[in-house]
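Trainee: Sending over a structure as structure tokens; questions will come in a sec.
The values are calculated or read from the model by the stated rules, or taken from the named source; none is laboratory data. Quantities reported herein were computed from a predicted structural model and do not represent experimental measurements. Glycine also receives a Cβ, built like all others from the backbone with ideal geometry; neighbour counts cover every protein chain displayed. What goes into the accessible areas is simple: the full protein's heavy atoms, side chains included, and nothing from ligands, DNA or RNA. Shrake-Rupley method; radii C 1.70, N 1.55, O 1.52, S 1.80 Å.
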Amino acid sequence: AYVVYMGMTGYVDTGKWEVYAGVSNDKLEEALEAIMVELHRVREQLVDPEELDRVKRQLRGRIIMSQETNGSVADRLGSELLLTGRVRSVESILNDIERVSIDEIASLAQQYLDPTNMRLAIIGPHENEAKLTEIIMG
């Protein structure tokens, strides 16, 4: 793979969570299998408390640092107002992050990482759709 990343986009009434991988055609199935193994692991195993703490610290730091430029502040305020109809304080956002629990993460992982809810898009040649479906469904 020459690139692998994960991202999410939120909208007013929906959103998307995606895993992207740029791989050569002959490695597509292997890459998809590796991604599905990781998603299954996240769905079936509880998040380590230390990892959750580390991620919370990283998120808090990113939010605090993002308040250092006028453009970033305006982007946050405008996005929140457009998406939710209200603007929260930075303190409120940081408190929400602190309240996230391992049980909430497990519940969301069960819901959103269910293979029956996943969709696959491939850009490039591939002829064995049944094999890819088999990989996704386990």
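Trainee: Provide the per-residue ³J(HN,Hα) series for the stretch 4-15, in order, calculated from phi with Karplus coefficients 6.51, -1.76, 1.60 and θ = phi - 60°, each as a whole number of Hz, with x at glycine and proline positions.
Mentor: In residue order, the calculated couplings are 9, 8, 10, x, 9, 9, x, 10, 4, 10, 7, x Hz.
Trainee: For the stretch 61-114 and the stretch 1-59, what is the centre-to-centre distance using only Cα atoms, to the nearest Å?
Mentor: Taking the Cα centre of the stretch 1-59 as reference, the centre of the stretch 61-114 is 19 Å away.
Trainee: Each residue of the stretch 95-107 in turn: what ³J(HN,Hα) in whole Hz from Karplus with 6.51, -1.76, 1.60 and θ = phi - 60°, glycine and Pro shown as x?
Mentor: 3J(HN,Hα) across the stretch 95-107, in whole Hz: 5, 4, 4, 4, 7, 4, 10, 4, 5, 5, 4, 4, 5.
Trainee: Taking only protein heavy atoms and a 1.4 Å probe, what accessible area per residue, in Å², does the chain have with all protein chains in place?
Mentor: Value for the chain: 75 Å² per residue.
Trainee: Percent of accessible area on the chain owned by carbon and sulfur, 1.4 Å probe?
Mentor: Details: 5630 of 10370 Å².
The value for the chain is 54 percent carbon and sulfur by accessible area.
Trainee: Determine which lysines satisfy two conditions relative to Lys27: a Cα distance under 24 Å, and not lying fewer than 8 residues away in the same chain.
Mentor: Lys131
Trainee: Right, next: Counting only the heavy atoms of the protein chains, how much of Thr116 is accessible to a 1.4 Å probe, in Å² to the nearest 10?
Mentor: Near enough 80 Å² of accessible area.
Trainee: Could I ask something else about it? Using +1 at the C-beta of Lys and Arg and -1 at the C-beta of Asp and Glu, which of His40, Trp17, Ile64 has the Cα lying farthest in the positive direction of the dipole of the stretch 1-67?
Mentor: The listed residue farthest towards the positive side: Ile64.
Trainee: Another one. What do you get for Rg/Rh over the chain if you use C-alpha atoms and the Kirkwood form of Rh?
Mentor: Values: Rg = 18.2 Å, Rh = 17.7 Å.
Taking Rh as the inverse mean 1/r over Cα pairs, Rg/Rh reads 1.03.
Trainee: Given charges of +1 on the Cβ of Lys and Arg and -1 on the Cβ of Asp and Glu, with all other atoms neutral, how large is the dipole of the chain about its Cα centre, in debye to the nearest 20? All intermediate terms of the calculation are to be shown ahead of the outcome.
Mentor: Working: 15 positive and 24 negative charges, 112 e Å.
Approximately 540 debye in magnitude.
Trainee: Additional query: Equivalent ellipsoid semi-axes for the stretch 9-87, as square roots of 5 times the alpha carbon gyration tensor eigenvalues: give them largest first, rounded to whole Å.
Mentor: Values: eigenvalues 202, 72, 40 Å².
Ellipsoid semi-axes (Å, largest first): 32, 19, 14.
Trainee: For a paramagnetic label modelled at 7 Å from the Cα of Val55 toward its Cβ, which residues of the stretch 79-98 fall within the zone defined by backbone nitrogen distances under 19 Å?
Mentor: Zone members listed by number: 93-98.
Trainee: Along the charge dipole of the chain, Cβ charges K/R +1 and D/E -1, which of Val90, Gln110, Thr133 sits furthest on the positive end?
Mentor: Val90
Trainee: Just flag the chymotrypsin sites (Phe, Trp or Tyr not before Pro) in the stretch 1-49 sitting in loop per DSSP whose Cβ has no more than 16 other Cβ atoms within 10 Å. Walk me through the numbers on the way to the answer.
Mentor: Values: sites: Tyr2, Tyr5, Tyr11, Trp17, Tyr20; in loops: Tyr2, Tyr11.
When the chymotrypsin sites (Phe, Trp or Tyr not before Pro) of the stretch 1-49 are filtered for loop state and at most 16 Cβ neighbours within 10 Å, Tyr2, Tyr11 remain.
Trainee: Report the trypsin sites (Lys or Arg not before Pro) located in the stretch 73-138 that are in a DSSP loop and have at most 16 other Cβ atoms inside 10 Å of their Cβ, or state none. Numbers along the way, then the final one.
Mentor: On the way: sites: Arg76, Arg86, Arg88, Arg99, Arg119, Lys131; in loops: Arg86, Arg88, Arg119.
Those satisfying the criteria are Arg86, Arg88, Arg119.
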